[in-house]
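Bear in mind that the values in this text are calculations on the coordinates, not laboratory data. Please read these numbers as outputs of a predicted model, since none were measured by experiment. Cβ placement follows ideal geometry from the backbone for every residue including glycine, while neighbour counts extend to all protein chains displayed.
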Amino acid sequence: MSTMMLEILSPDKTIYWGKAESVTVKAIDGELTVLPGHAPIVTVLGPGEIRMHKEEDQTCHHYKHAGGILDVSKEKTSVLVILKEDKAKKPDEKGQADKPDSV
């Protein structure tokens, strides 16, 4: 299967830059999967999860975010997001870690 260049960026760091087989995001009007050769598009992302599939090691990576922008062009696909913080690692006012949310 073919691949595309993908970059996933947050305001303070590059989360991923490299080849990907596909990327799935939650746009404000529904879920969208981008494959190599997708038509150019720019859309706003609602809070959710990015699912990126990498062909080279047959893995799927997940990144939770609070919203952002998807920009698909002929050269690359860019996902600009604000990542959600891991509540399990964030200390509260007393210096103790919060309990993770139940699923």
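What the table shows:
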item: Sorted by Cβ density within 10 Å, fewest first, the residues 59, 43; result: 59, 43
item: Whole-percent pair-distance distribution, where bins are 5 Å wide, for the alpha carbons of the range 4-83; result: 4, 16, 31, 29, 16, 4, 0
item: Sparse-neighbour loop sites [GluC sites (Glu not before Pro); the range 9-68; at most 14 other C-beta within 10 Å; DSSP]; result: 55, 56
item: Calculated from backbone phi, Karplus (6.51, -1.76, 1.60) coupling profile of the range 54-66 in Hz, x at Gly/Pro; result: 10, 6, 4, 10, 6, 10, 10, 9, 10, 10, 7, 9, 9
item: Residues whose placed amide H lies under 5 Å from that of residue 9, excluding near-sequence neighbours; result: 15, 79, 80, 81
item: Highest average packing first - 73-80, 7-14, Cβ atoms within 10 Å; result: 73-80, 7-14
